[in-house]
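These notes are about the structure you will find just below.
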Amino acid sequence: IFLGGKEGLTSCSCASGPAFEGGHIKHGMKAVTGAIERITLDLSTYRARYETIGDVKPRGLCGSAMIDVVAELWKHGIIDGAGMFKQGLDTPLLREIDGKTEFVLVSRDDSVTGQEIVVTQRDVNEVQRAKAAIYAGCSLLLKRNKLADRDIEQILVAGAFGRGLNPENAKIIGLVPDVLTDKIRFVGNTAITGSKMALISRKARMEAEELSRSVGYLELSADPLFGSEFASALFIPHRDPGRFSSMKAG
């Protein structure tokens, strides 16, 4: 994560784990053909509506879909602020098997594998840990530079991950600070773009070398506030409702 302003650039590295790449998720997968990349839940039936990469039958859930799922579950009151499934909901889609709670997103008939695609309690918790690490990094970069959310002019999201990311849902789960949605921009695979620039331009290489020497670095593991920031960010969207005043659960 980089924070840029008139004082220069400061960065930090967040150990968010593989959840946003489909890792440690029961039906998680990379963002390839057959992966559900966008998903919503019907308010009256709780049934899922989704889009897959390649417009084919679904095989699993990629990272952007997991953000959508957790946001939708919270908006519809299926999980609480601690990320726990609520009991007593009037829907067969929420069930318990071998003592473990899960929510059915895709039926056997509708999936390419002939198996249901579900999201489990563990899946939700994996996303919570991943988003908490990233938000804690954002929060501490701002704090250590004496800035607040209101000072953010724009949030740039790089990488293929941003291709299917719903910015509103990213805010709802507490992945990024609660700024106006139109301040969130997706800039594609900037690593490849920067590499191409460095290959064909001496000026770009010189600028890259200068940046590498001037960027400040915040070591999160050594920051005394990281533990409390991370723990508070585990909640959806956050333990402190004031940080996400525009968000409301169902």
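The values are calculated or read from the model by the stated rules, or taken from the named source; none is laboratory data. This is a predicted model, so every value here is computed, not measured. Every residue, glycine among them, receives a Cβ derived from its backbone with ideal geometry; neighbour counts consider all protein chains shown. These area figures cover heavy atoms from the full protein model, side chains too; ligands, DNA and RNA do not enter into them. Shrake-Rupley method; radii C 1.70, N 1.55, O 1.52, S 1.80 Å.
Would it be correct to say that S212 is of a type in the set (S, T, N, Q), closer than 21 Å to F2 by Cβ and at pLDDT below 95?
Values: of a type in the set (S, T, N, Q): yes; closer than 21 Å to F2 by Cβ: yes; at pLDDT below 95: yes.
Yes, satisfied.
Show me the strands (runs of 3 or more DSSP E) found entirely inside segment 69-165 where at least 2 residues are buried (at least 22 other Cβ atoms within 10 Å of the Cβ).
Values: elements: 94-97, 100-106, 117-120, 155-158.
Counting at least 2 such residues, we get 100-106, 117-120.
Could you say whether any residue in segment 27-37 is surrounded by fewer than 24 Cβ atoms within 10 Å (Cβ to Cβ) and under 22 Å from F235 (Cβ atoms)?
no
Do you know which residues across segment 233-244 are open to solvent by 90 Å² or more (accessible area, probe 1.4 Å) and in a loop (DSSP other than H, G, I, E, B)? Even if it seems obvious, please write down each step before you answer.
Step one: filter segment 233-244 for residues open to solvent by 90 Å² or more (accessible area, probe 1.4 Å), giving 239, 241.
Residue satisfying the conditions is R239 alone.
It is to be established whether one or more residues within segment 7-25 are in contact (Cβ under 8 Å) with a residue 40 or more places away in the chain and either over 24 Å from F226 (Cβ atoms) or basic (K, R) (or both).
Checking segment 7-25: at least one residue is in contact (Cβ under 8 Å) with a residue 40 or more places away in the chain and either over 24 Å from F226 (Cβ atoms) or basic (K, R) (or both).
I need a count of the residues in segment 181-203 that are over 25 Å from P167 (Cα atoms), out of contact with any Lys or Arg (no Cβ under 9 Å at 6 or more places or on another chain) and part of a helix (DSSP H, G or I). Please lay out each step first, then the result.
In the first step, residues of segment 181-203 are kept if they are over 25 Å from P167 (Cα atoms); the result is 195-203.
Going one step further and asking which of them are out of contact with any Lys or Arg (no Cβ under 9 Å at 6 or more places or on another chain), we end up with 195-196, 200-203.
Retained after the next criterion (residues that are part of a helix (DSSP H, G or I)): 195-196, 200, 202-203.
Counting residues in segment 181-203 that are over 25 Å from P167 (Cα atoms), out of contact with any Lys or Arg (no Cβ under 9 Å at 6 or more places or on another chain) and part of a helix (DSSP H, G or I) gives 5.
Would you check if there is a residue in segment 45-55 being out of contact with any helix residue (DSSP H, G or I) (no Cβ under 9 Å at 6 or more places or on another chain), of a type in the set (D, E, K, R), over 19 Å from N169 (Cα atoms) and open to solvent by 60 Å² or more (accessible area, probe 1.4 Å)?
Yes: one or more hits.
Residue check: is L225 open to solvent by 60 Å² or more (accessible area, probe 1.4 Å), modelled with pLDDT under 95 and closer than 20 Å to N145 by Cβ?
Working: open to solvent by 60 Å² or more (accessible area, probe 1.4 Å): yes; modelled with pLDDT under 95: no; closer than 20 Å to N145 by Cβ: yes.
No; evaluated as a whole, the condition is false for this residue.
Name every residue in segment 193-213 that is touching a residue at least 60 places away in the same chain (Cβ under 8 Å) and either open to solvent by less than 70 Å² (accessible area, probe 1.4 Å) or among the β-branched types (V, I, T) (or both), in order of residue number.
We begin by selecting, within segment 193-213, every residue touching a residue at least 60 places away in the same chain (Cβ under 8 Å); these are 211.
The answer is none; no residue qualifies.
Within the group K183, K171, which residue is at pLDDT 95 or above, more than 30 Å from M84 (Cα to Cα), open to solvent by less than 90 Å² (accessible area, probe 1.4 Å) and within 17 Å of the chain's Cα centre (by Cα)?
Numbers: K171 fails: more than 30 Å from M84 (Cα to Cα).
After applying the criteria, what remains is K183.
Taking the condition in a strand (DSSP E or B), open to solvent by 40 Å² or more (accessible area, probe 1.4 Å), over 18 Å from R150 (Cα atoms) and out of contact with any Asp or Glu (no Cβ under 6 Å at 6 or more places or on another chain), does F230 pass?
So F230 fails the test.
For segment 1-52, which fully contained strands (runs of 3 or more DSSP E) count at least 3 residues that are under 21 Å from V127 (Cβ atoms) and more than 17 Å from the chain's Cα centre (by Cα)? First the steps, then the outcome.
Working: elements: 2-5, 8-11, 35-41, 48-52.
Answer list for segment 1-52: 48-52.
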